[in-house]
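Take a look at the structure below.
No value in this document is a laboratory result; all are computed from the given coordinates. Bear in mind the structure is a predicted one, so any value in this text is a computation, not a measurement. Cβ placement follows ideal geometry from the backbone for every residue including glycine, while neighbour counts extend to all protein chains displayed.
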Amino acid sequence: MMTQADDAGLPPRRRTPRAEVRERVLRAAATVFAERGFAVATIDDVAQAAGFTKGAVYSNFASKDELFFALMDQQVAERVAIFKGLVSELDEARDVADLIAQHLLDSVPDNRDWQLLFLEFWQRAMRDPDTHARFLVRRRELHQAVADELQRALNSGSIRSAASARSLAFIVLGVANGLAIEEMLDPGTAPRELARHLLAALIADEPARSSLEPPC
């Protein structure tokens, strides 16, 4: 049986591959959630921004929460990849602390939408036990991945520190979040030199100090 497209002598319309639908929905969700706020934004908003029906969104994600956690998984993977690239540069860097500090500041403008969404969902996670449990799993995965890369740098001699890789990961991620909050609020004011001095004090060949270790 001929389709309407066949009758008109037109080629059949291309069906968008599922992977492409998912990627477009994720990109749209990141923008919509950041612009309108996660609590206010709807699946209809995301679908419209992605250029699909609401059904297309639900065929890939069961809820707004699933959309957020898919975005979080994507961010974890991307940040780990970026950090791996950064660690690979440390062997050639004259000033390791300066390189890391500059990277942390340069990443703020490119991740503004994600940072806004992250902060909003962090508040929700602190109030809802189920959300907290899922959120915590992703954060621990990121911490472990960053610690693994820092351990490789410590093992290779690219950096030397009185702190463990786990402690350094905790501090680097904490500094990154703090810088992002201040820089987004008042662009251009985050003190790169202060961040560099802080990191330089940690990434140095000094005797181990137990005070640098966070409680287990």
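Data overview
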{"quantity": "Helical contribution to [θ] at 222 nm, DSSP H n ≥ 4, -39,500 (n - 2.57), averaged over the chain, rounded to 500", "calculated": "-23500 deg cm²/dmol"}
{"quantity": "Computed E for ALA70/GLN123 - FRET, C-beta separation, R0 22 angstrom, nearest 0.05", "calculated": "0.65"}
{"quantity": "Charge tally in the Cβ shell below 11 Å around ALA101, where Lys, Arg are +1 and Asp, Glu are -1, ALA101 excluded", "calculated": "-2"}
{"quantity": "For segment 76-88, Karplus couplings with θ = phi - 60° (6.51, -1.76, 1.60), whole Hz, Gly/Pro x", "calculated": "4, 4, 5, 5, 5, 4, 5, 5, 4, x, 5, 4, 5"}
{"quantity": "Euclidean distance between Cα centres, segment 154-170 to segment 16-60, Å", "calculated": "40 Å"}
{"quantity": "Debye intensity ratio in log₁₀ form over the Cα atoms of the chain, taken at each q of 0.10, 0.12, 0.15 Å⁻¹", "calculated": "-0.56, -0.74, -1.03"}
{"quantity": "For THR189, THR42, THR131, order by how many other beta-carbon atoms lie within 10 Å, fewest first", "calculated": "THR189, THR42, THR131"}
{"quantity": "Candidates per chymotrypsin sites (Phe, Trp or Tyr not before Pro) in segment 83-183, loop by DSSP, up to 12 other Cβ within 10 Å", "calculated": "none"}
{"quantity": "Among LEU173, GLN48, SER88 the positive-end extreme of the charge dipole of the chain (Cβ point charges)", "calculated": "GLN48"}
{"quantity": "Tilt relative to the chain, helix 18-36 - C-alpha long axis, 0 to 90 degrees, to 10", "calculated": "70 degrees"}
{"quantity": "Cα long-axis angle, helix 96-110 against the chain (0 to 90 degrees, to the nearest 10)", "calculated": "20 degrees"}
